[in-house]
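A quick write-up on the structure given underneath.
The values are calculated or read from the model by the stated rules, or taken from the named source; none is laboratory data. Here the structure is a predicted model, which is why all the values come from computation and not from measurement. Positions of Cβ are backbone-derived with ideal geometry, glycine not excepted, and every protein chain shown enters the neighbour counts.
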Amino acid sequence: MIETEKVEVNRDGTHRGLTNLAVQMIAFGGSIGTGLFLGAGSTIHRTGPSILLVYLIIGGFFFLMMRAIGEMMYADPDQHTFVAFIGKYVNRRLGKFAEWSYWLELILVANAELIALSTYVKFWFPHISAGLVQLGFWAVLTGINILMVSSFGRSETFLSGIKIIAILALIVVGVYLVAVHHQNPEGTHAAWGNLSDHFTMFPNGFHQFIMAFPMVFFAFQGMEFVGITTAETKNPKQVLPKAVNQIIFRILLFYIGSLIIIMAITPWRTLDPAQSPFVQIFNLAGLPAASQVVNVVVIAAAMSTLNSSIFSTGRHLYQLAKESNTKEMRPFTKVSKNGIPIVAVLFSAACMLFAPIISAFNTLSTAFTFIASVSSDIYILVCMLTMLAHYRYRKSADFQSDGFKMPEYRWSNPLTIGFFVAIFVSLFFSHESLFPAIGAIIWAVVFNLLLRRQADTDLRTENQ
């Protein structure tokens, strides 16, 4: 008889079914999205080799944020989302704002990924219905998420594995081309010297260098997914520190390594910012199916983000329902026999079905792009509040002196908050990001005013 694997069950009925490998791959999958495979060319075009410094700086601050999240999750591994600490250590109103805003942001990200997936599939099948493709991907990934938490872990391991193979292939091919001093069609040669030849810190001006920061910042968005897996991870106090500490090495190897190789193979000014640099490099290497291969990779990357978004939004809504005393939220606390917050996952997934409607109408598509940009900007506010929650945690009775501590938090925490503030402020210096940034501020103010009014109403009701 085959022995079934013993699964640890939490008090609320959810299961700790995620293995060390799955959490490692979720952390990787969150930090490497389609932006690297498709959008790296446009960021390189802005700043040239200086983009390495931008990635390094932002990677360092994201690592510090992950250490802050890791410290709080290590102290309280039963929380289903790191955003819950904002309500716990800052105040309840800002906690609700962060949780609902982050949930909405992930819903919008998922809708965007569904739209992108239909675009990638149309590369091969131009006449296929976009809505049909979106429904197909949605059904498969939602099905995986409602089976068992281990099913999500295995699927994310597979999808992240495809991305890892693609990046390692680029690095290996690139090192070979440099080693043989490969001659490019325009007469240049692959050489490490391409990184330093005619080097200028701000080749397109200081403004373009600064505007590269928010672009790269959003490329790292999703790294925090590892802070949503802790309550369903086996041996979280062993797994979490490993997953968080290895993030910085992934950044160096996969982001920085890829960019160095791309700019070494061919002078960065010869890259087409509108085309995937991966496609361009594989084409230089003589791979006839370069665009086909990269299309497979970006489909895997988009599926990975969508998969994680279904998982994360379900847990966020479940956490919100657990914290709520209202009758309307009670159904979202239901946990299936398989340990899945089933109603919260299915409702969140259903909210992602706006993608086919958006795809059908150009006016809706334009509006969605604006709303998604506003939501992404709100993500920066959530990052600030998360760091503030960590600072308050350090001053609280919950602080564990022998825990997984953020290094030198007295200066690294305020410095990280200051950096996130600077990123948000930089949005006001570009016509493309100005109105979404204003929209994010309006959303934050209005949402908090509504929450305050609701709290005042509840208080008056209690006193009557």
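Structural remarks
- Condition met for Leu252 (closer than 24 Å to Pro203 by Cα, modelled with pLDDT under 85 and surrounded by fewer than 18 Cβ atoms within 10 Å (Cβ to Cβ)): yes
- Residue identified as at pLDDT 90 or above and surrounded by fewer than 16 Cβ atoms within 10 Å (Cβ to Cβ) among Gly187, Gly87, Gly143: Gly143
- The single condition among (1) closer than 25 Å to Asn307 by Cα; (2) assigned to a helix (DSSP H, G or I); (3) modelled with pLDDT of 90 or more that Trp124 does not satisfy is (2).
- Looking at region 154-261, the helices (runs of 4 or more DSSP H) lying wholly inside it that each contain 1 or more residues that are farther than 28 Å from Arg67 by Cβ and of a type outside the set (Asp, Glu) sit at 206-219.
- All positions within region 177-188 that are in contact with a helix residue (DSSP H, G or I) (Cβ under 9 Å, 6 or more places away or on another chain) and either farther than 10 Å from Thr266 by Cα or not acidic (Asp, Glu) (or both): Leu177, Val178, His182, Asn184, Pro185, Thr188
- Cβ-Cβ under 8 Å pairs, at least 6 apart or on other chains, region 45-60 side within 17 Å of Ile247 (Cα to Cα), far side assigned to a helix (DSSP H, G or I) and among the small types (Gly, Ala, Ser): Val54/Ala212
- Which numbered condition Asn338 misses (of (1) over 24 Å from the mean Cα position of the chain (by Cα); (2) of a type outside the set (Asp, Glu); (3) in a helix (DSSP H, G or I)): (3)
- For region 379-436, filtering for residues that are of a type in the set (S, T, N, Q), touching a Phe, Trp or Tyr at 6+ places or on another chain (Cβ under 7 Å) and part of a helix (DSSP H, G or I) leaves 4.
- Filtered residues of region 321-334 (kept if at pLDDT below 90 and either outside any helix (DSSP H, G or I) or under 23 Å from the mean Cα position of the chain (by Cα) (or both)): Ser324, Asn325, Thr326, Lys327, Glu328, Met329
- Failed condition for Asn111, given (1) closer than 18 Å to Ser375 by Cα; (2) of a type in the set (S, T, N, Q); (3) over 15 Å from the mean Cα position of the chain (by Cα): (3)
- All of Gly136, Gly131 fail the test of being in a helix (DSSP H, G or I), at pLDDT 90 or above, over 22 Å from the mean Cα position of the chain (by Cα) and not aliphatic (A, V, I, L, M), apart from Gly136.
- Among residues of region 336-360 that are at pLDDT below 90, those with a Cβ under 9 angstrom from a residue that is among the charged types (D, E, K, R) and assigned to a helix (DSSP H, G or I), sequence gap 6+ or separate chain, pair up as Gly339/Glu232; Ala355/Glu113.
- When Leu284 is tested against the conditions (1) in contact with a Phe, Trp or Tyr (Cβ under 9 Å, 6 or more places away or on another chain); (2) under 19 Å from Gly193 (Cβ atoms); (3) hydrophobic (A, V, I, L, M, F, W, C); (4) surrounded by fewer than 22 Cβ atoms within 10 Å (Cβ to Cβ), the lone failure is (1).
- The residues of region 39-50 that are among the hydrophobic types (A, V, I, L, M, F, W, C) and either buried (at least 23 other Cβ atoms within 10 Å of the Cβ) or within 15 Å of the chain's Cα centre (by Cα) (or both) amount to a single one, Ala40.
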